[in-house]
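Step one of this worksheet: look at the structure below.
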There are 2 protein chains.
Amino acid sequence: MASDRRPYKRESEDVRRDSLINAALELIADGGPKAATVRAIAEKAGVTAGLIRHYFASKEDLVRESYRRMMDRMTADNAAVLDDARPDPVVRLATFVAASLQPPVVDPTRVGLWAGFLHGVQIDPQIRKVHIQTYLAYRDLLQNLIEHLPEMTNPRCPRAAAIACNGVIDGLWMEASAVPEVFEPGEILEIGLIAVGKILEVDLLTAFKTEHQDMA
Amino acid sequence: MASDRRPYKRESEDVRRDSLINAALELIADGGPKAATVRAIAEKAGVTAGLIRHYFASKEDLVRESYRRMMDRMTADNAAVLDDARPDPVVRLATFVAASLQPPVVDPTRVGLWAGFLHGVQIDPQIRKVHIQTYLAYRDLLQNLIEHLPEMTNPRCPRAAAIACNGVIDGLWMEASAVPEVFEPGEILEIGLIAVGKILEVDLLTAFKTEHQDMA
DNA sequence: TGCCTTGTTTTACAAATGATCAATAACCCA
DNA sequence: TGGGTTATTGATCATTTGTAAAACAAGGCA
């Protein structure tokens with residue numbers, strides 16, 4: 001008798017967990033948290049719903065892991081920009097700031113995903129911990145870049161400078177991602193470079209333009 | 001035979017709609033969007049679930065209205081600060097910025113509520129419209145304050161200046177609201193005033209301190 | 001007072017959700 | 001090659017969800 005049972009392939013724990021996490025992230029990104037049901041996640045990951053609880057203690061557990069994954073990616077993306085950048089500290093900072101204010105970091109999908117989790121920061125201690133770690137990692141990166149600026153323009157309080165610059169970047173990132181149609185093309189990038197430049201008293205815009213003359 | 005039916009009082013449409021909207025906002029604020037079920041909303045509003053659809057076409061409709069209400073409140077709060085402020089343009093701007101970086105505007109509950117809706121901005125056209133209107137209203141208010149600054153310090157492009165300042169304020173507001181324990185008391189306020197001041201080349205911090213000598 | 005409108009409750013329902021677990025078959029290894 | 005391990009399926013459960021509509025009663029008005 002022919003079995004009408006669905007054929008499948010056994011996969012390693014890593015592969016399956018990755019599939020499920022990615023599926024959850026995609027669903028939350030474009031349908032919000034409520035779209036990430038166990039069945040939808042399973043289908044997108046190419047498995048059946050029952051398998052989720054073979055790899056995660058609960059759906060909530062999977063969501064937590066997904067948040068961690070998303071934040072890890074953001075941190076990695078941010079740090080990666082600096083690998084290719086020239087050693088000049090001003091150019092490095094300009095490159096770093098610019099990366100956060102352009103695609104693919106600026107992206108409606110990403111901000112939706114990020115917002116979907118933000119409420120969890122208020123409720124779930126583990127999500128909160130990850131949020132703080134990621135925030136501080138980004139800010140420390142920024143502070144480090146600031147501290148390597150030419151001595152003359154070195155701010156008295158690097159911590160405060162980093163918090164301020166982080167604020168501008170976050171705010172502009174959010175707005176540009178959420179409602180891009182409100183701004184002119186490239187406007188947010190230029191405004192961000194100018195604003196961070198004024199806070200630090202460095203001309204980031206010129207530094208960025210000379211470095212990337214190929215761009216508009 | 002004694003009726004075990006729950007006693008009730010007839011109320012006007014306004015009262016009932018207000019109760020339901022407020023209940024929805026409270027629930028979303030401290031339990032996230034998923035906590036705002038029709039039954040929970042009804043209970044918090046002191047009615048039974050069936051009544052919701054007597055005043056709203058659907059739950060989604062109620063949520064939309066709630067979002068509008070929240071945004072209206074934020075706009076009103078922001079504008080209200082300026083009523084009491086002295087006519088001096090620098091002081092007015094400083095007061096306005098400071099209000100956005102202190103309680104009750106800075107508040108974990110508020111940012112949770114705000115985040116709960118942010119995903120809707122990507123999906124629901126009506127929510128998106130309200131979001132844009134509110135954003136532009138705040139930014140225009142800011143731009144207006146900036147344009148009234150002493151001519152010498154008047155920025156060449158008020159629009160860009162307003163976008164930048166709005167960015168700092170939003171970013172710092174979000175971070176201070178989400179994870180206040182990462183900052184020292186009053187730190188965000190001071191950093192925000194300095195940052196906006198540097199962008200506009202005005203000393204907002206001094207203006208704020210002289211105006212509010214009673215504060216730390 | 002007594003009727004009528006309609007705000008409100010109540011019950012009901014179908015669909016969806018997260019969870020559970022026995023059955024099964026894919027793959028590893030002896 | 002064949003048996004055992006276990007990853008995976010699939011069926012099922014108890015809840016919860018938004019919605020629907022009938023039954024009821026509060027308050028206005030003649």
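Only one of the listed residues (A:ALA176, A:ALA160) is surrounded by fewer than 21 Cβ atoms within 10 Å (Cβ to Cβ), at the interface with another protein chain (Cβ under 10 Å from one of its Cβ atoms), within 30 Å of B:ALA137 (Cα to Cα) and small (Gly, Ala, Ser). That residue is A:ALA160.
Scanning region A:1-33 for residues that are under 17 Å from A:ARG73 (Cα atoms) and either among the hydroxyl-bearing types (Ser, Thr, Tyr) or near DNA strand C (Cβ under 9 Å from one of its atoms) (or both) yields one hit, A:SER19.
The number of residues in region A:53-102 that are among the aliphatic types (A, V, I, L, M), assigned to a loop (DSSP other than H, G, I, E, B) and within 16 Å of DNA strand C (Cβ to nearest atom) comes to 1. Here is the figure for region B:82-127: residues that are farther than 28 Å from B:LEU27 by Cα and of a type outside the set (A, V, I, L, M, F, W, C) total 8.
Return the residues of region B:186-196 that are touching a residue at least 24 places away in the same chain (Cβ under 8 Å) and either among the β-branched types (Val, Ile, Thr) or more than 8 Å from every other protein chain (Cβ to nearest Cβ) (or both); say none if nothing qualifies.
B:GLY186, B:ILE188, B:LEU189, B:LEU193, B:VAL196
Among the residues of region A:1-22 satisfying the criterion of being of a type in the set (A, V, I, L, M, F, W, C) and under 33 Å from the mean Cα position of the chain (by Cα), which is nearest to DNA strand D (Cβ to nearest atom)?
This residue is A:VAL15.
Here is the figure for region B:34-52: residues that are in a helix (DSSP H, G or I) and either within 13 Å of DNA strand C (Cβ to nearest atom) or of a type in the set (Phe, Trp, Tyr) (or both) total 12. Just checking, how many residues over region A:130-157 are at the interface with chain B (Cβ under 10 Å from one of its Cβ atoms) and in a helix (DSSP H, G or I)? Of the residues in that region, 5 qualify. Residues that are within 16 Å of DNA strand D (Cβ to nearest atom), among the hydroxyl-bearing types (Ser, Thr, Tyr) and closer than 21 Å to B:LEU118 by Cβ within region A:23-81 comprise just one, A:THR37. Answer yes if at least one residue in region A:145-157 is assigned by TED's automatic domain parsing to the domain that holds A:ARG69, closer than 24 Å to B:ALA178 by Cβ and surrounded by fewer than 22 Cβ atoms within 10 Å (Cβ to Cβ), and no otherwise. Within region A:145-157, one or more residues are assigned by TED's automatic domain parsing to the domain that holds A:ARG69, closer than 24 Å to B:ALA178 by Cβ and surrounded by fewer than 22 Cβ atoms within 10 Å (Cβ to Cβ). Among the criteria (1) surrounded by 18 or more Cβ atoms within 10 Å (Cβ to Cβ); (2) more than 10 Å from chain A (Cβ to nearest Cβ), the one B:HIS212 does not fulfil is (1). B:VAL97 fulfils the conditions (1) within 14 Å of chain A (Cβ to nearest Cβ); (2) within 16 Å of DNA strand D (Cβ to nearest atom) except for a single criterion, (2).
The values are calculated or read from the model by the stated rules, or taken from the named source; none is laboratory data. Bear in mind that the values here come from a model prediction, so they are computed numbers and not experimental data. Using ideal geometry, Cβ is built from the backbone for each residue, glycine included, and neighbour counts are taken over all protein chains shown.
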